[in-house]
Amino acid sequence: MKIGISCHHTYGGSGAIATELGKALAMRGHTVHFFSQAAPFRLGTYSKNIFFHEVEAMNYPLFESPYYALALASKIAEVAFYEKLDVVHAHYAIPHAISALLARQMLEEKCPASRCFRIATTLHGTDITIVGADRSMHDAVRLGINKSDGVTAVSSYLKDETISLFTPRKPIEVIHNFVDTSVFRRLPGRQTRELLGIGSEKVLIHMSNFRPVKRITDVLAVFELIQKKIPATLLLVGDGPERSEAETWVRINGLTGKVRFLGKIDDIVPLLSIADLMLMPSNVESFGLAALEAMACGVPVIVTNAGGFPEFVRQGQDGFMHPHGDVDGMSQSAFRILGDDELWARFSNAAQMQAGQFETALLVEKYESFYRKLIETP
Ligand code: GMT
């Protein structure tokens, strides 16, 4: 198949999944054209089957900001026509689904609807729960959903949320996030520990784009309680609007030195490989890809008992789930896992096994048959 994928290139789960999907499809012999503002952060690979089209939105004094959605639509139309794309897969409803619809309209005269590309849209989370829930975007998201040829959501939770917020006319198929366990696996950690100057203390990790939904202060508060009982370091990977506040919190609470702000890092496997526990106490995650990737590297997780987490984290086996904001409960669970080496090893093995249920190959096959259904539907 010839597949176009449009996604956000920035540090975030939807761009990560879109890119990993495209890479896996290319490995399986499909031709994949990526559309984005810049190379997606996880692309970093060469393949005869992968093409990247940077979308440059024109700047003009009349425009307050460049019209990216329109530039994207034009680029999709151009590439879809010349490369005869079968499917354009929009990751995150806004603006990608709308740009794909517009691109198809741009091609109306050149390519009869029956031969034009099909539009698949994957809903990732905040496109529904935050952006889509905002009055200013609600109707645009609904249009994107209803006019796509097929729609997927990354969890049953997100599917239900979408139905209750948008009562869409389209059926929504659930295709969970996935992880390549040949890449995300526990590597020997001695060198990484040395590079970071970490001794034998326990390592906790949090990875995100530091948005309010991630509850960074809860990550810090849980860590603060733990490090009073066990020697520990907290690695914070990523960056975003809440970082500055988090850094201030760390200084005020005297944790400088124990909390390490590492910023945006692309190769996270070595860091996950030295981690003993991942903290992800978000308000809600439609899935929670970072936790799945941590589990694949044998890292038990402490997460919120809402959203998509219960669809892959088994309570008391791979980690523990708590209501969001339950800092005491989370720190008690963390202490339980970190304070008992035998129990930790059991959780670590279980988490690794469970991640195997979400192996890339299994889920990519689902996307392939989803595309085929769309193409075969007249
Ligand atoms: O909030 C993020 O971490 C980024 C966001 C995105 O859209 O890039 O991630 C969402 O999509 C991921 C991939 O499907 C999911 O694993 C995340 O749970 C989801 N984030 C939220 O729902 C907050």
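The values are calculated or read from the model by the stated rules, or taken from the named source; none is laboratory data. These numbers come from a predicted model, not from an experiment. Neighbour counts are summed over all protein chains in view; Cβ atoms, including those assigned to glycine, are modelled from backbone coordinates with ideal geometry. Quick note on the areas: whole protein, heavy atoms, side chains included, nothing else; ligands and nucleic acids left out. Shrake-Rupley method; radii C 1.70, N 1.55, O 1.52, S 1.80 Å.
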Reported set for the stretch 230-258 where residues are among the hydroxyl-bearing types (Ser, Thr, Tyr) and under 22 Å from ALA290 (Cα atoms) is THR233, SER244
Filter the stretch 320-346 for residues that are within 16 Å of the ligand (Cβ to nearest atom) and under 14 Å from MET278 (Cβ atoms) and give the result.
MET321
Name the helices (runs of 4 or more DSSP H) wholly inside the stretch 61-160 in which the number of residues that are at pLDDT 95 or above is 1 or more.
68-83, 98-106, 135-147
When both residues are 6+ apart or on different chains and their Cβ atoms are under 6 Å apart, which pairs have a first residue that lies in the stretch 288-300 and is under 13 Å from LEU204 (Cβ atoms), and a second that is part of a helix (DSSP H, G or I) and within 16 Å of the ligand (Cβ to nearest atom)?
ALA294/LEU272; VAL299/LEU272
Residue check, VAL237 away from the ligand (no atom under 16 Å from the Cβ), open to solvent by less than 50 Å² (accessible area, probe 1.4 Å) and closer than 29 Å to ASP340 by Cα
no
Only one residue in LEU343, LEU292, LEU271, LEU279 is open to solvent by 10 Å² or more (accessible area, probe 1.4 Å) and touching a strand residue (DSSP E or B) at 6+ places or on another chain (Cβ under 8 Å), so which one is that?
LEU271
Are any of the residues in the stretch 49-58 over 20 Å from VAL88 (Cβ atoms), surrounded by fewer than 16 Cβ atoms within 10 Å (Cβ to Cβ) and aliphatic (A, V, I, L, M)?
yes
Please report, ordered by residue number, the helices (runs of 4 or more DSSP H) entirely within the stretch 253-359 with at least 2 residues that are under 30 Å from PRO40 (Cα atoms).
269-273, 289-296, 341-355
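Just the residues that are under 21 Å from THR304 (Cβ atoms), β-branched (Val, Ile, Thr) and in contact with a Ser or Thr (Cβ under 6 Å, 6 or more places away or on another chain), please, taken from the stretch 193-225.
VAL213, VAL222
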Qualifying positions in the stretch 209-226 - within 16 Å of the ligand (Cβ to nearest atom) and open to solvent by 10 Å² or more (accessible area, probe 1.4 Å)
ASN209, ARG211, PRO212, VAL213, LYS214, ARG215, ASP218
